[in-house]
Amino acid sequence: MATLGALNYSQLVTAVSDYAQNTFDTTDMNTMIQQAEQRIYNTVQLANLRKTSSTALTPSVNTFNAPTDLLSVYSFAVISASGNYTYLLNKDPAFMQEAYPNPATTGTPKHYALNGPSSPVTQLQFILGPTPSSALVTNLSYFIMPESIVTAVTTWLGEHFSSALLYGTLCEAGVYMKSGMDDGMYKLYQERYVQAIALLKNLGDGKQQTDSFRTETRVAVS
């Protein structure tokens, strides 16, 4: 899967310095690592970086705050008192305003939109339509921006797919160094990063979103 062994924070710092043949200030190194992580986590959606949360909705209130660590939504459902799940369709705020102009119109929500931020200023807000008519509980599955290896020391990415993290950081180092890195090596690191991301996307978009039963079923039906 990965082309390198596991790397913790100190091992990553050493590897980047060795590959780039340069000693970086700790602040600059941390910035490059975090920029690489941000790029990776916004490019690939991994089941390992997904979590679930529940919120008790208030009847006749059509908004609630999103989790503070939400990066993107995977699925969103509301659960009735009898345990029935209703999965909501994602729409934009303009659709919600047009389709549900009167928040006093209530029922079982069918659509949702992400809006905001509202209060606190950095927190997104969910809008539901129609407005819940009864006490429902949400079942929100979403992708998170995990803690950086800079502060966590060890992360899933560093343990299981360090190639993406290393070459992503080296690409950031090449930008930081400008002409200080050989053009041929910088191009090589970019190519290795693209290869690592392709393998990671194959895991996240393919292998983690299917299983042998469903795959065999689709083949049999076709």
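No value in this document is a laboratory result; all are computed from the given coordinates. What you see is a predicted model, and the numbers here were worked out from it, not measured in a lab. For neighbour counting, all protein chains shown are included, and Cβ atoms are generated from backbone atoms with ideal geometry for every residue, glycine included.
Brief remarks follow.
- Here is the tail figure for the chain: Cα pairs spaced more than 25 Å apart come to 53 percent of all pairs.
- Point-to-point label distance, Ala6-Asn115, nm (Cα→Cβ direction, 7 Å offset): 4.5
- Rounded to 5, percent antiparallel among DSSP beta bridges of the chain: 85
- With each label modelled as a point 7 angstrom along the Cα→C-beta vector, the Asp182-Ser134 pair spans 7.0 nm.
- Theoretical gain in end-to-end length, Gln21 to Val194 [0.36 nm per residue, Cα-Cα removed]: 60.1 nm
- Contour excess over end-to-end distance, with Cα ends at Ser82 and Val153 and 0.36 nm allotted per residue: 21.2 nm
- Nearest 10 degrees, 0 to 90: helix 212-221 Cα axis against the chain principal axis: 70
- Tilt relative to the chain, helix 183-201 - C-alpha long axis, 0 to 90 degrees, to 10: 30
- Two-site label geometry, Ser75 and Gln35: point separation in nm, points 7 Å out along Cα→Cβ: 3.8
- Degrees, to the nearest 10: 9-20 long Cα axis against longest axis of the chain: 50
- The mean sequence distance of close C-alpha pairs (under 8 Å, at least 6 residues apart), as a share of the length of the chain, puts its relative contact order at 32 percent.
- For His111, distant residues with modelled amide H under 5 Å away: Leu89, Gly129
- Span from the the range 31-106 Cα centroid across to the the range 160-200 one, whole angstrom: 33
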